[in-house]
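Structure record follows, encoded as structure tokens.
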Amino acid sequence: MTHPTRHLTAAGMMQSVLGNFVDQVRPVLDQVPASIMKFTRIKGDVGTSWEGVSLLAEPFDEADGWVGCLDVVKHRDTHWKGERTLILSLMGDHLLHVQEKSRVVEIPVRAGDLFLFDQNLEHWLTTRDSTLPSQEGFLGLYWMIPKAHLQARVQTLIHELAEL
């Protein structure tokens, strides 16, 4: 497991992987409902659900839901104004692309990665190697965090995951 040891600032956290908690997420995969695993085959869009999240161990049970897909087309989620998306990847080997003004930030996302991004910006998710015949889909738990609480909530979650 790796996790940041530096002091996190809100500016330093945007559009980045904040740590990898692959050992901590392995037990969660055994608890994913079959209906949620189907999300990992969705092409071009995402599936979201709250089913079974409250039955997970702490701190996973505090997530706002599951998110899954094979890949996602470029879009914005403007209905979440004032909040940021924090995702703990349970499975996948993908690239999250985020359009920041005139540049695209590419964030490699693998199982166990805890990553943060501004969903109000154009973003999309692609598989890292689309030539593989049976590409693994992406599945994660997500938290929607008000910007005013972002730094404290992210630091708390990183600490909770590191303690598992």
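Every number here is computed from the coordinates shown, using simple stated rules; none is lab data. Every value quoted in this text rests on a predicted model; they were computed, and no experiment measured them. Glycine also receives a Cβ, built like all others from the backbone with ideal geometry; neighbour counts cover every protein chain displayed.
Annotations for the structure displayed:
- Dipole of the chain computed with +1 at Lys/Arg Cβ and -1 at Asp/Glu Cβ about the Cα centre; of Gly137, Thr85, Ala162, farthest Cα towards the positive end is Thr85.
- Residues listed by number, the stretch 75-100, amide nitrogen under 20 Å from Glu163 label point at 7 Å toward C-beta: 88
- When the Cα positions of Phe39, Trp124, Trp66 are compared along the charge dipole of the stretch 12-162, Trp124 comes out farthest toward the positive end, with charges on each C-beta of Lys, Arg, Asp and Glu.
- Seen through its C-alpha gyration tensor, with square-root eigenvalues sorted a ≥ b ≥ c, the stretch 76-164 comes out oblate because a/c lies at 1.5 or above while a/b is not bigger than b/c.
- Ranked list, fewest to most other Cβ atoms within 10 Å of each Cβ, for Asp71, Asp61, Asp30: Asp30, Asp61, Asp71
- For the pair the stretch 92-164 and the stretch 51-67, the centres of their Cα atoms are 17 angstrom apart.
- Modelled label positions at Lys147 and Asp23, each set 7 Å beyond Cα in the direction of Cβ, lie 3.7 nm from each other.
- Prolate/oblate/rounded label for the chain (Cα gyration tensor, a/c 1.5): rounded
- Simple point charges give the picture: +1 on the Cβ of Lys and Arg, -1 on the Cβ of Asp and Glu, and for the stretch 12-162 a dipole about the Cα centre of about 460 debye.
- Using the rule -39500 (n - 2.57) for each DSSP H run of four or more residues, divided by the residues of the chain, the 222 nm mean residue ellipticity is -4500 deg cm²/dmol.
- Put in order of Cβ neighbour count within 10 Å, fewest first, the listed residues Trp143, Trp124 become Trp124, Trp143.
- Lysines whose Cα lies under 16 Å from that of Lys147, excluding same-chain neighbours fewer than 8 positions away: Lys81
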